[in-house]
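Notes to accompany the following structure.
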Amino acid sequence: MGKQEWLVIIKDKPNSLPARMKVRPQHLEELKPHIDSGAIVLGGATLDEPLKEGEGMKSNGSVLIIEAESEKEARGIVEGDVYYTSGVWE
């Protein structure tokens, strides 16, 4: 069947923003190979509310588009992410 695009929407656990920010540099670094290979097509934080000038981002989760052969392969990318392994994501 070939590769398919998987839309993945993941909520953060309550009160996990400090943990998210702590591991964010590692998260971004570890995404690079998936981006370079084309496995991650798009990704970013989801927000509680629109950004306001002078205020920080209030994220409540993440959204990814993953190109993979199977749901299992897409889940493997998600479950290997430091946001998942460190308990940021539900």
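Being surrounded by 15 or more Cβ atoms within 10 Å (Cβ to Cβ) and within 20 Å of ARG20 (Cβ to Cβ) is the filter here; which residues of the stretch 71-90 pass it? Show your work before the answer.
First pass over the stretch 71-90, keeping only residues surrounded by 15 or more Cβ atoms within 10 Å (Cβ to Cβ): 73-75, 77-78, 81-84, 86, 88-89.
If the condition is that a residue be surrounded by 15 or more Cβ atoms within 10 Å (Cβ to Cβ) and within 20 Å of ARG20 (Cβ to Cβ), then ILE77, VAL78, ASP81, VAL82, TYR83, TYR84, SER86, VAL88, TRP89 are the ones that fit.
Restricting attention to the stretch 38-70, and to residues there that are among the acidic types (Asp, Glu) and either in contact with a Lys or Arg (Cβ under 7 Å, 6 or more places away or on another chain) or surrounded by 12 or more Cβ atoms within 10 Å (Cβ to Cβ) (or both), which single residue is farthest from TRP6 (Cα to Cα)? Please lay out each step first, then the result.
Step one: of the stretch 38-70, the residues among the acidic types (Asp, Glu) are 48-49, 53, 55, 67, 69.
Retained after the next criterion (residues that are either in contact with a Lys or Arg (Cβ under 7 Å, 6 or more places away or on another chain) or surrounded by 12 or more Cβ atoms within 10 Å (Cβ to Cβ) (or both)): 48-49, 67, 69.
On the way: ASP48: 23, GLU49: 25, GLU67: 6, GLU69: 10 Å.
Restricting to residues being among the acidic types (Asp, Glu) and either in contact with a Lys or Arg (Cβ under 7 Å, 6 or more places away or on another chain) or surrounded by 12 or more Cβ atoms within 10 Å (Cβ to Cβ) (or both), the top hit is GLU49.
Looking at the structure I just gave you, is GLY44 out of contact with any strand residue (DSSP E or B) (no Cβ under 9 Å at 6 or more places or on another chain), without any contact (Cβ under 8 Å) to a residue 60 or more places away in the chain and small (Gly, Ala, Ser)?
Judged against the criteria, GLY44 is not a match.
Okay, residues lined up against (1) assigned to a loop (DSSP other than H, G, I, E, B); (2) on the phi < 0 side of the Ramachandran plot; (3) touching a strand residue (DSSP E or B) at 6+ places or on another chain (Cβ under 7 Å):
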position: PRO14; (1), (2), (3): yes, yes, no
position: ARG20; (1), (2), (3): no, yes, yes
position: PRO33; (1), (2), (3): no, yes, no
position: GLY56; (1), (2), (3): yes, yes, no
position: VAL78; (1), (2), (3): no, yes, yes
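Every number here is computed from the coordinates shown, using simple stated rules; none is lab data. In this text the structure is predicted, and so the values were computed from the model without any measurement. With ideal geometry, Cβ positions are generated from the backbone for all residues, glycine too; neighbour counts draw on all protein chains shown.
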